[in-house]
Amino acid sequence: MTVVPAQQAGGGGGGSSGLYDVLELILDRGLVIDAFIRVSLVGIEILKIDVRVVVASVDTYLRFAEACNRLDLEAGPRKAPGLPDLVGEITESGARGKSKGALSGAAETVSEAFRQAREEGQAEPRPRARKATSARRKEEQE
Amino acid sequence: MSTYVYGIAASSHPALPKDMGGVGDPARPVRILTEGELAAIVSDAPEGLRPKRKDLLAHQTVLSEAGAGGVVLPMRFGSVAPDDAAVTEVLAERAEHYLERLRALDGRDEYNVKASHNEEAVLHRVMSESPEIRALAEANRQAGGGNYEQRLQLGETVAAAVQRQEAEDAVDLRHALEAVAEAVSAGPESTGWLANVSFLVDHGAAETFLAAVEDVRKSHPHLDVRVNGPLPPYSFVEPGPSEPAETGPRV
């Protein structure tokens, strides 16, 4: 008998928490029989937005640059920031105050989206994914 | 009345779903149509069916229930036949093909694995591995964050390194897991993951597979790896699993 850790059983059990993660399989994979028709998928395009396309953009470059200035190489990748880092951050936010214009505002918006997308992957129990929320909002508008 | 089709199973399937709600509002009751050795899991198709959350969930839930009791070929969401007779006709016409697929997938489940970078961790990694990036970052820091050009240059260099790391991690992940899977299928792209891959895993190998995922998490701490499964074998219903990652395009 197979034992699957509880947090991973959601998709298989049909729980709504796993729906977002398997959405593209339900919509893009599975058996197709040409004698049958398929219902229109109009309205689902919102799911196709690619968070990663922002990686090669000026906004991302600026955001990465800021993040690197804040990074404390001594502290290790997932440890709390140490004192030197905090000092760096204060310096950093000073610099940010001076240079903050339309562009860095946009960078922060992207940063926020990026952060949210990442946090969805970490939080437990998982909040409903942003994209699925958009889809749901769309439904409710109908 | 048109007929919504969830999946195809053997008529000998020991636990075909019954008394379950399917798509539609109110949920249409799930029924079984039998034709020879095959059975179709169906319900009436509601008028104006759309890919709404509730209906997608119903589709997935019916298939999960059915899949828990025995092998099922999951249909793609939204497959509607003109009537019940059209469904049984298809079962009769293509019985051999479906029976072969059912045999091939018997005792196996799909596990979908998605990975993304933990941003801070991956930035830390690319910085610690690149003297060039460290030098640029240090110069910027000393210049109070650097001017626009300097920040852009650092960011672009970092972004390129992150993208290389994404590609490398996607290959690592796939290699580590395909060794313990029977088949591999690249998931649909463009949903914001550096890797989105489905693996066909034998029931008996599920623990081994999940242990291999844990190993990847440990060896790649900058990756967030999400596993969904066991799932109905959506990505493996048709023969011809995708080629291993290192195979180039065929001419």
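The values are calculated or read from the model by the stated rules, or taken from the named source; none is laboratory data. Quick caveat, the model's predicted, so the values are computed rather than measured. Here the Cβ is made from the backbone with ideal geometry for all residues, glycine too, and neighbour counts use every protein chain on show. The protein model used for the area step is the full one, side chains on, heavy atoms only, and it has no ligands, DNA or RNA in it. Shrake-Rupley method; radii C 1.70, N 1.55, O 1.52, S 1.80 Å.
Here are a few things to note about the model shown:
- Checking each residue in the range B:112-121 for being over 14 Å from B:GLY192 (Cβ atoms), buried (at least 23 other Cβ atoms within 10 Å of the Cβ) and among the hydrophobic types (A, V, I, L, M, F, W, C) picks out only B:VAL113.
- The one condition in (1) free of Cβ contacts under 8 Å to residues at least 60 places away in the same chain; (2) closer than 28 Å to B:ASP106 by Cα; (3) crowded, with 20+ Cβ neighbours inside 10 Å; (4) more than 15 Å from the chain's Cα centre (by Cα) that B:ALA211 fails to fulfil: (3)
- Matching entry among B:LEU152, B:LEU102, B:LEU177 (being touching a Leu at 6+ places or on another chain (Cβ under 8 Å) and under 30 Å from B:ASN228 (Cα atoms)): B:LEU102
- B:ALA92 touching a Leu at 6+ places or on another chain (Cβ under 7 Å) and hydrophobic (A, V, I, L, M, F, W, C): no
- With respect to the stated conditions, B:ASP55 fails to be surrounded by fewer than 19 Cβ atoms within 10 Å (Cβ to Cβ) and under 23 Å from A:SER40 (Cβ atoms).
- Single residue of the range B:13-49 satisfying the filter (under 24 Å from B:GLU238 (Cα atoms) and at pLDDT below 95) that is most open to solvent (accessible area, probe 1.4 Å): B:PRO14
- Of all residues in the range B:151-188, those being in contact (Cβ under 8 Å) with a residue 12 or more places away in the chain and outside any helix (DSSP H, G or I) number 9.
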